[in-house]
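Chemist: I'd like to ask some things about the structure below.
Only the coordinates and a few stated rules stand behind these numbers; no lab work does. Being a predicted model, the structure only gives us computed values, none of them experimental. All Cβ positions, even for glycine, are placed from backbone atoms using ideal geometry, and neighbour counts span all protein chains on display.
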Amino acid sequence: MFEDDASDAPQERASDPVRRAEEKAAELRMYAELNAVFEGTRKFDASIRPGLDVQVTRDIQKRLLRLERAKSPDHPILPPTVSGEAAELLDLFRTLELSTNDYHVCRRPGEVMIARWLDAGLVDAFYERMQAHFDAGLEGHKDELRDHQHWHRDDTTDQYLQALGKLDVKVADRYLRQPIRKHRLFVLSTVTADEIDILYITDSVMEIPAAELVGDASAPPEEATDQDRAWFFKLFSLRGMRDDSEQMFFFAYLQKTQDSFDID
């Protein structure tokens with residue numbers, strides 16, 4: 001379902017246990033990121049704040065796309081030539097006098113754009129939560145495999161479990177947190193899903209009604225089909241230092257998959 005701009009994004013399921021474990025770790029990391037980005041309403045008293053200006057939102061979108069095109073496809077570190085624009089986007093909540101932590105939302109028919117800024121202690125909490133989500137996901141997956149092994153013992157699963165047990169994934173390292181802090185880098189990464197279940201985000205992660213995020217007209221009906229719940233999803237994650245403060249900016253673009261779209 002997910003694709004990201006890193007080389008360890010899960011592709012076809014590998015037969016080699018070590019490679020298979022690496023692919024599972026990449027999948028779990030992306031789910032951990034999704035949960036950490038959107039759980040603010042459930043864990044940190046974040047609010048949904050509709051009314052983000054359409055022109056401001058489109059400008060943010062275009063600027064993020066310029067940053068995405070400026071970086072190398074091999075790594076998420078932004079080149080110095082666009083550092084100024086990255087810094088402006090990280091500081092935009094101050095310029096626009098918007099709150100941090102909250103989800104600032106711009107809605108259009110069948111389309112939603114969400115901006116969220118984090119700074120200082122909120123950044124620490126984000127990394128702690130993302131690591132906790134990853135660790136819980138990994139342990140849950142291993143428990144399922146052990147349960148399977150209780151009934152259907154096979155060497156392949158044993159080898160896969162051993163490979164999973166050797167994983168030592170620090171999600172902050174994946175996010176290049178220490179290089180950002182030490183070398184004052186600006187980093188942009190993205191995660192894309194051609195189809196994501198909007199109710200997974202709203203009901204399971206945020207624990208809010210879908211209409212609160214996407215609006216009454218775009219929310220799935222009570223007896224929703226898979227198509228009703230399917231949205232295109234792209235998440236931009238911009239990180240960097242401003243003065244001596246670590247900051248993060250998340251921008252999510254969602255559009256109902258039955259509608260045509262062009263985020264360029």
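Chemist: Viscosity 0.692 mPa s, temperature 37 °C: Stokes-Einstein D of the chain from its Kirkwood Cα radius, in µm² per second? Walk me through the numbers on the way to the answer.
Modeler: Numbers: Rh = 19.5 Å.
The calculation lands on 168 µm²/s.
Chemist: Counting Lys and Arg as +1 and Asp and Glu as -1, each charge on the Cβ, what is the dipole of the chain about the Cα centre in debye, to the nearest 20? Before the final figure, lay out each step's value.
Modeler: Numbers: 34 positive and 52 negative charges, 195 e Å.
Magnitude of the dipole: close to 940 debye.
Chemist: Lysine pairs in the range 2-256 8 or more apart or on different chains: how many have alpha carbons under 16 angstrom apart? Let's see the in-between values first.
Modeler: On the way: Lys24/Lys142; Lys24/Lys166; Lys24/Lys170; Lys62/Lys71; Lys62/Lys234; Lys142/Lys166; Lys234/Lys256.
Counting lysine pairs in the range 2-256 gives 7.
Chemist: With a cut-off of 8 Å between alpha carbons and a minimum separation of six or more residues, what is the relative contact order of the chain in percent?
Modeler: Working: 402 pairs, mean separation 72.2, N = 264.
This gives 27 percent for the chain.
Chemist: Consider all pairwise Cα distances in the range 69-135 and report the whole-number % of them above 20 Å.
Modeler: Values: 1162 of 2211 pairs.
Above the 20 Å cut-off, the range 69-135 has 53 percent of its Cα pairs.
Chemist: Also: What residue among His104, Pro221, Gln162 has its Cα farthest toward the positive end of the dipole of the chain, where the charges are +1 on Lys, Arg and -1 on Asp, Glu, each on the Cβ?
Modeler: Projecting each Cα onto the dipole axis, the largest value belongs to His104.
Chemist: To continue, here is another question. What percent do you get for the relative contact order of the range 40-122 when only Cα pairs under 8 Å and 6+ apart count?
Modeler: Working: 77 pairs, mean separation 30.2, N = 83.
Here the relative contact order equals 36 percent.
Chemist: Oh, and also: Using only alpha carbon pairs under 8 Å that are at least six residues apart, calculate the relative contact order of the range 85-191 and give it in whole percent. Mind dumping the intermediate values first?
Modeler: On the way: 49 pairs, mean separation 20.2, N = 107.
After rounding, I find 19 percent.
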